[in-house]
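Right, one structure below, let's go through it.
The values are calculated or read from the model by the stated rules, or taken from the named source; none is laboratory data. Note that this is a predicted model, so its numbers are computed, not measured. In this analysis, Cβ positions are derived from the backbone assuming ideal geometry, glycine residues included, and neighbour counts consider all displayed protein chains. The protein model used for the area step is the full one, side chains on, heavy atoms only, and it has no ligands, DNA or RNA in it. Shrake-Rupley method; radii C 1.70, N 1.55, O 1.52, S 1.80 Å.
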Amino acid sequence: CGGAGADIQETDLSKPITLSWIMPGPGIQTDSEMVWNKFNEELHKIEGFENVTVKIEVIPVADYKQKVMLMQTSGEKMDLLQTYQLDYAQEYRNGTIQDITPYLKKYAKETFEELPQWVIDMGKVDGAQAILPNYQKMVYAPFYSTIPADLAQYADIEAMSESFMSDKKNNYVPSEKSIALVEDYLSKVEAAGKIGKGYVAIWQLRGSEAIIDSFRYYYTDPEYKVNHAHLDDQQIAFWRARKYFFDKGYVRKDALSAKSADFNGVKDGNVAWTSQNWTGKLERFDGDKTHDIPVVQFPSVDHFFIGYKPAAGGFAVPVNSEYPDVAVMLANLMLTEKGIDLYNLMVYGIEGVHYTVDKVLENGDKMITPKDYPEEGNSSSAYGLQKWIVGNAKNAYITSNQPENFKEIIYDFMNEGELTVVSPLMGFALDATTIETKLGQIKAVGKEYGDPIGSGAVDTEALLKEMLTKYEQAGVKDVIAEIQGQVDTFLASK
């Protein structure tokens, strides 16, 4: 974890210091000052922090990026900066946050012991530790095929799920068997007079990870070849299937002009669609409260996936920090069991004032009920911050609206389980400086052609040919080559 022999600042902790901690959230709440005073009171009881007072500033999420930029421009002192809403890679490359590698071995020992290595790697940029990522539910929501419960009798669900998942061997390009199974289901629904007004495609891009905009690679492909989503075999196969089903009469005729595909229900008469849902298991289940009718859902992937970008951000140390060593010490507290009580104080507030403890579980974890919100505080709460912004959400108390085995499901089974695939690009950060103009032109082409072709209501082959020409004129091959080169260089350095 670096740092041996490196020049690092060592603050004299026998004298009082004030550390500045900036983060996004609900803003200043009624009891913020009360809780933060209590935080400092408890912090002073921890060895090494007896003389450290933390000045905390929580900026409304919508204003965060702009406010941080103004603080940087004015040279305002910041010691610890949460990077949710910020481009941490760009911040590092711009020189606004520093490489904290030299401080990790001495001041973040527990973080390296308790967090998976891939979480640490996720915060690297160009080989440097730009941030210590916050830890939360890291897996992408897996794909499930969804059909109304009253239509399940017309589908061979077991065969469909098996076939959809077996398509993995060809980067999830739908096989003839998969298409035939969907057509069999749709024809039976039509024969029963229940086809409704429309059909939403039962496939979405699977087995892939986006790098920037619509450029992606398939982690199911050992060569990790980069392509634009609209140019790869899987997407084109989906579009051709859509056209096929449109011509068969299973897609609403006004699909080209329809304002909403209504992926979350059947307001438009959908009889099959794809959802990304959390169930805790990769198996069929009946019923889902997120839809407006009873549904049956079954997985079309056999794994969970964790992408290389830390969606919740992490802890960064700005270049003008007066106490970078102490900043890393505080980050270490918020990420590990060593600081678990302080972390939960910062997240939920004061016991008996802002929450009650309902139960202490066998493992010592607490199940609580916040006073004025179910799980996550907001601007109207007396107090309550987002657990995934403050630090390591694995150390957060369980709220009463969650099952007792909530953490077991999220962390042991999803984040760190046998069915989980971790991105090979952990620590990768694309430098798009030389391709920004072409990316804008390419995005415009995608907007022009993606929806029409996806509707199935057009001459798909003619528009595909026209779209390819437009992409080539916009420089898509140059962009693919640039991204591929950076990916290859990164993978070769691992």
**OP:** Determine if segment 412-419 includes at least one residue that is open to solvent by less than 70 Å² (accessible area, probe 1.4 Å), among the polar types (S, T, N, Q) and not in a loop (DSSP other than H, G, I, E, B).
**Re:** yes
**OP:** List the number of the failed condition for Asn363; all other conditions in (1) modelled with pLDDT of 95 or more; (2) of a type outside the set (Phe, Trp, Tyr); (3) more than 23 Å from the chain's Cα centre (by Cα); (4) open to solvent by 50 Å² or more (accessible area, probe 1.4 Å) hold.
**Re:** (1)
Subject >> Out of Ser175, Ser145, sole residue that is open to solvent by 20 Å² or more (accessible area, probe 1.4 Å) and at pLDDT 90 or above >> reply: Ser175
**OP:** Could you please let me know if Gln9 is modelled with pLDDT under 95 and of a type in the set (S, T, N, Q)?
**Re:** yes
**OP:** Kindly check whether there is at least one residue in segment 184-193 that is assigned to a strand (DSSP E or B) and among the polar types (S, T, N, Q).
**Re:** no
Original post:
If only one of Ile17, Ile28, Ile46 is open to solvent by less than 20 Å² (accessible area, probe 1.4 Å) and modelled with pLDDT of 95 or more, which one is it?
Top reply: Ile17
Original post:
Can you name the helices (runs of 4 or more DSSP H) wholly within segment 57-127 that have at least 2 residues being surrounded by 17 or more Cβ atoms within 10 Å (Cβ to Cβ), among the hydrophobic types (A, V, I, L, M, F, W, C) and at pLDDT 95 or above?
Top reply: 61-74, 117-121
Subject >> Qualifying positions in segment 199-231 - of a type in the set (D, E, K, R), under 22 Å from Glu448 (Cβ atoms) and touching a residue at least 24 places away in the same chain (Cβ under 8 Å) >> reply: Asp213
**OP:** Determine the pairs where a residue that is modelled with pLDDT of 95 or more, located within segment 462-476, has a partner that is open to solvent by 60 Å² or more (accessible area, probe 1.4 Å) with Cβ atoms under 7 Å apart, the partner being 6 or more residues away or on another chain.
**Re:** Ala474/Lys438; Ala474/Gln441; Gly475/Lys438; Gly475/Gln441
**OP:** Identify the single condition in (1) touching a residue at least 24 places away in the same chain (Cβ under 8 Å); (2) open to solvent by less than 40 Å² (accessible area, probe 1.4 Å); (3) of a type in the set (Ser, Thr, Tyr) that Tyr373 does not satisfy, given that it satisfies every other one.
**Re:** (1)
**OP:** Give me a count of the residues in segment 442-462 that are assigned to a helix (DSSP H, G or I), surrounded by fewer than 16 Cβ atoms within 10 Å (Cβ to Cβ) and either of a type in the set (A, V, I, L, M, F, W, C) or more than 24 Å from the chain's Cα centre (by Cα) (or both).
**Re:** 5
Original post:
(1) under 26 Å from Ile120 (Cα atoms); (2) outside any loop (DSSP other than H, G, I, E, B); (3) within 25 Å of the chain's Cα centre (by Cα): which one isn't true of Leu19, the others all being true?
Top reply: (3)
Original post:
So, of the residues in segment 213-235 that are assigned to a strand (DSSP E or B) and open to solvent by 40 Å² or more (accessible area, probe 1.4 Å), which turns out to be nearest to Val422 (Cα to Cα)?
Top reply: Arg216
**OP:** Look at Ala432 and say whether it is closer than 22 Å to Asp358 by Cα and either under 15 Å from the mean Cα position of the chain (by Cα) or open to solvent by less than 60 Å² (accessible area, probe 1.4 Å) (or both).
**Re:** no
**OP:** Collect the residues in segment 26-55 that are touching a residue at least 40 places away in the same chain (Cβ under 8 Å), outside any helix (DSSP H, G or I) and either of a type in the set (Val, Ile, Thr) or at negative phi (or both), keeping them in residue-number order.
**Re:** Pro26, Gln29, Thr30, Asp31, Ile46, Phe49, Val52, Val54
**OP:** Test Leu425 against the stated conditions and say whether it is open to solvent by 30 Å² or more (accessible area, probe 1.4 Å), touching a residue at least 40 places away in the same chain (Cβ under 8 Å) and closer than 25 Å to Val139 by Cα.
**Re:** no
Original post:
Residues of segment 475-487 being in contact with a Lys or Arg (Cβ under 6 Å, 6 or more places away or on another chain) and either under 29 Å from Ala258 (Cα atoms) or assigned to a helix (DSSP H, G or I) (or both), which ones?
Top reply: Val479
**OP:** State all residues of segment 274-293 that are outside any strand (DSSP E or B), modelled with pLDDT of 85 or more and either open to solvent by less than 10 Å² (accessible area, probe 1.4 Å) or not hydrophobic (A, V, I, L, M, F, W, C) (or both); if no residue qualifies, say none.
**Re:** Glu283, Arg284
**OP:** Starting from segment 177-191, take each residue that is on the phi > 0 side of the Ramachandran plot and list its partners that are open to solvent by 50 Å² or more (accessible area, probe 1.4 Å) and in a helix (DSSP H, G or I), counting only C-beta distances under 7 angstrom and pairs at least six apart or across chains.
**Re:** none
**OP:** Sort through Leu342, Leu385 and tell me the only one that's over 18 Å from Ala311 (Cβ atoms) and buried (at least 20 other Cβ atoms within 10 Å of the Cβ).
**Re:** Leu342
